[in-house]
């Protein structure tokens, strides 16, 4: 399995070297020692070539939050974790508003950082699956609406009940087109409900 790629940004070279060495067993690591270098790197990317950014907050010239905001303004989107030894309330609020996945004390060790990275990557996979489910459900609902509209326009209601389709799921059985459409609509509603339940569960998990 291909390794996930982590971008590591800290103005202290010793920090990036320590974390790069520790994380490289499980991830591909690209490190930068200034926000400017990272933003220049993004200029050459037509699409995201990494899975997450782990950045220090307090850096000269530009802090980590301002760097992420600039990257987002450039059209890039990615999960990120911010390190900080001293993040005030105002900065914390801004970080949350921008969509910070985690705020981590810089004093914590590489083992803790590795665990947080794994958690955030897992959440990212979950959100991707959820988006795919929502997209597929929306597409299926659109096809269903088009199919029902066409059938209602060209097939009289009494004929809809007489029009039957032979199903081969298990024992062969015959189902009317009207019942088939109704069942499909119910299944779409159930799928949407399950997707919303998954989101609620994930929200509760993050809150805890």
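Any read-out appearing in this document is the output of simple, stated calculations on the displayed coordinates, not a laboratory observation. Not measured: the values here are computed from a predicted model. All Cβ positions, even for glycine, are placed from backbone atoms using ideal geometry, and neighbour counts span all protein chains on display.
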- Query: Which of the residues that make up segment 123-137 are more than 16 Å from residue 79 (Cα to Cα) and surrounded by fewer than 12 Cβ atoms within 10 Å (Cβ to Cβ)?
  - Reply: 132, 135
- Query: Which of the residues that make up segment 44-70 are surrounded by fewer than 19 Cβ atoms within 10 Å (Cβ to Cβ) and touching a residue at least 24 places away in the same chain (Cβ under 8 Å)?
  - Reply: 45, 48, 49, 50, 58, 60, 61, 62, 66, 69, 70
- Based on what the data block shows, is residue 38 outside any strand (DSSP E or B), buried (at least 16 other Cβ atoms within 10 Å of the Cβ) and in contact with a helix residue (DSSP H, G or I) (Cβ under 7 Å, 6 or more places away or on another chain)? yes
